[in-house]
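Asker: Sharing a structure, written as structure tokens. Questions coming.
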Amino acid sequence: MSYCSLKNIETKWLSLTFLYIIIGTGYAQQNTNLNAVRIIKLDEALQLGIQNNNQLKIANTDVAIAKENVSQAKIAKTPYIGLNMGYNYIGNPKIYDGFYDKSITVDYFNHQSSANIMGSVPIYNGGIIENKIAQQQLISTMKESVVKMTEAEIKLAIVQQYFTLEKLYRQIEVTKQNIVNTDLRIKQLQSRVSNGQNLKSDLLRTELQQSRFKVSVLQDTNNIKLVSNYLDILIGIPTDTLLQPDVSEALIPTETVNLQESLSEAYKNRIEIKQSELGVQLSESTLSITKSGFKPNVNANLFLNTQYPAQWPNYPNILNYWAAGVSLNWDVSSFYNLKHRISANKFEIEKSNTVLAVTKDQIDKDVKTVFVRFQESKETIITYKKDVELSLSNYKIVKSRYDNDFALISDMVDAELQVNGAKISLINANLDLIIQYYSLQYAMGKL
């Protein structure tokens, strides 16, 4: 290779290194912002999420509203009491003779008043009140199930973001160690280049490798801020709080899980199935309410009245009387008006049963998918452990060859990148196993 060609190569490497060093400076500035962090355990994060999450607060408010609606529906069984009062000032009337020819003014009582109290209590209404109360109770139960489902979803989201955050911190930890190692090699290469033992391009390649490590740390640092912000929102703390997980090795699952047992647990515990079953009952209650329209309403009534004067214009006295009786109200037109609504209600019941079947199919798919991924994560860990061992052995061999001038700097860079990738893959695999375990617990309805 000619001197000019070598010079051109070194110039290109120098330009790229300069670019990555500029980015690396940005990494150093960004990384200092991770010093003030809040250490948090998984149990604490889950507890904060249950207490503070806004979506869960909305779901709980819906439950409170549904319970009030149940109480409101029960009021229909209580007696109705109404009070009516009136007062009029009557001007003295005029009696005209002919077509407004002559008039006579009558001196009359100018004040007129009346009052009455009405009471009514339902005796029979075709079961519509009981059906509406039962329907509101079903809605209340459904809202309670939404709270449980929302809580499980929030827990799963917290777990996923929590361990994603841990991945990023551990990746930074591994990469920082590589930066330290490349620092030492750069110092050695600077000495060897000045003595003519290595080419300038070897030094530039190592500096480029270090800059790439710094860029990786910068990216992971920014991702930490984004994931931490989302986790802050999930657990309901100030969104500028930087979090760092406190993960113990005890969190790594070791129990054996059986697919059929997982499916049985899911069919027994999943809130979605219970919601779909409640949906069927809700559709059936709507049909019952519609059918109540065929039946009459019977009420007992009580009426108290007082008025003054008793009769105009001859009786300027107070008149009081009361009345009690029974009233019947029957909408005969409902016999043919309700048939289409009943048909629609029956279709709604059929649809609700289909939704229940679809929900079971979806849960079957979810459980099997997560179960396979969970088992896959276990096997992946074994593979990545072996990869770390092999990459470390390869690195030792390449380093020995490089120290004895039998290998190029490019071989050293490739060996280090293999070690770095294998370590990060193993870290991610261990944390993925935990995430998949909690995902399986969620799929089984046990989270």
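Asker: Find which of ILE318, ASN125, ASN110 sits farthest along the positive direction of the dipole of the chain, computed with +1 on the beta-carbon of Lys and Arg, -1 on that of Asp and Glu, about the Cα centre.
Answerer: So the residue furthest toward the plus end is ASN125.
Asker: Rounded to the nearest 10 degrees, what's the angle between the helix 3-31 long axis and the longest principal axis of the chain, both from Cα atoms, 0 to 90?
Answerer: Taking Cα atoms only, the helix is inclined about 40 degrees.
Asker: Give me the accessible area per residue for the chain, probe 1.4 Å, as a whole number in Å².
Answerer: 59 Å²
Asker: Starting at the first residue of segment 48-63, write each ³J(HN,Hα) from the Karplus equation 6.51 cos²θ - 1.76 cosθ + 1.60 with θ = phi - 60°, in whole Hz, x for Gly and Pro.
Answerer: Ordered by residue, 3J(HN,Hα) equals 5, x, 5, 6, 10, 4, 5, 4, 5, 5, 4, 5, 5, 5, 4, 5 Hz.
Asker: Then there's this: In degrees between 0 and 90, to the nearest 10, how far off the longest principal axis of the chain does helix 128-194 point, with axes built from Cα atoms?
Answerer: Its long axis makes an angle of about 20 degrees.
Asker: Put +1 on the Cβ of every Lys and Arg and -1 on every Asp and Glu Cβ in the chain; which of VAL398, ILE381, LEU431 then has its Cα farthest towards the positive end of the dipole?
Answerer: VAL398
Asker: Follow-up. Carbon and sulfur: what percent of the chain's accessible surface (1.4 Å probe)?
Answerer: Summing carbon and sulfur atoms, their accessible area is 55 percent of the total for the chain.
Asker: Another question, if that's okay. Per residue of segment 87-102, in order, report the coupling 6.51 cos²θ - 1.76 cosθ + 1.60 (Karplus, θ = phi - 60°) as ³J(HN,Hα) in whole Hz, putting x for Gly and Pro.
Answerer: Karplus-based 3J(HN,Hα) across segment 87-102 equals 9, 9, 9, 9, x, 4, x, 10, 10, 9, 9, x, 8, 6, 7, 10 Hz.
Asker: How large is the dipole of segment 229-372 about the Cα centre if only Lys and Arg carry +1 and Asp and Glu carry -1, each at its Cβ, rounded to the nearest 20 debye?
Answerer: Charge dipole of segment 229-372: 1220 debye, to the nearest 20.
Asker: Using helices alone, I'd like the mean residue ellipticity at 222 nm for the chain: each DSSP H run of four-plus residues gives -39500 (n - 2.57), total over residue count, nearest 500.
Answerer: -24000 deg cm²/dmol
Asker: Given a cut-off of under 8 Å on Cα pairs at least six residues apart, what relative contact order in percent is computed for the chain? Display every interim value, and only then the final one.
Answerer: Values: 589 pairs, mean separation 100.9, N = 447.
Answer for the chain is 23 percent.
Asker: Starting from the Cα of LYS143, draw a straight line to each of the aspartates and glutamates and keep only those under 16 Å, dropping any in the same chain fewer than 8 residues away.
Answerer: ASP62, GLU68, GLU151, GLU153, GLU272, GLU277
Asker: Per-residue HN-Hα couplings for segment 69-86, Karplus 6.51 cos²θ - 1.76 cosθ + 1.60 at θ = phi - 60°, whole Hz, x for Gly and Pro?
Answerer: 5, 5, 4, 5, 5, 5, 4, 4, 7, 7, x, 9, 10, x, 10, 10, 9, x
Asker: While we're on this one: Near the amide H of ALA407, under 5 Å away, which other amide H atoms are found, from residues 5 or more places off or on another chain, if H is placed in the peptide plane?
Answerer: Distant-sequence amide H within range of ALA407: TYR402.
Asker: Can I ask one more? By how many nm would the segment from VAL332 to LYS368 grow when fully extended, if each residue of separation counts as 0.36 nm and the alpha-carbon distance is taken off?
Answerer: Working it through step by step, the gained length comes to 7.4 nm.
Asker: Could you list, in their original order, any pairs among LYS155/LYS446; LYS368/LYS423; LYS57/LYS167; LYS41/LYS368; LYS67/LYS339 whose Cα atoms are separated by more than 21 Å?
Answerer: Values: LYS155/LYS446 11 Å; LYS368/LYS423 29 Å; LYS57/LYS167 30 Å; LYS41/LYS368 30 Å; LYS67/LYS339 32 Å.
Result: LYS368/LYS423; LYS57/LYS167; LYS41/LYS368; LYS67/LYS339 exceed 21 Å.
Asker: Sticking with this structure for a sec: ALA323 versus GLU255, label points 7 Å from Cα toward the beta carbon: distance in nm?
Answerer: That separation, rounded to one decimal, is 7.2 nm.
Asker: Residues of segment 160-176 with the amide nitrogen closer than 12 Å to a label point 7 Å from the Cα of LYS57, along Cα-to-Cβ, please.
Answerer: Hits in segment 160-176 for LYS57 at 12 Å: none.
Asker: Related question: Mind checking the angle between helix 409-443 and the chain's longest principal axis? C-alpha axes, 0 to 90 degrees, to the nearest 10.
Answerer: Tilt relative to the chain: about 20 degrees.
The values are calculated or read from the model by the stated rules, or taken from the named source; none is laboratory data. Keep in mind it's a predicted model, so treat the numbers as computed, not measured. Glycine gets a Cβ as well: all are built from the backbone with ideal geometry, and neighbour counts include every protein chain shown. Please note that ligands, DNA and RNA were not included when accessible areas were found on the heavy atoms of the full protein model with its side chains. Shrake-Rupley method; radii C 1.70, N 1.55, O 1.52, S 1.80 Å.
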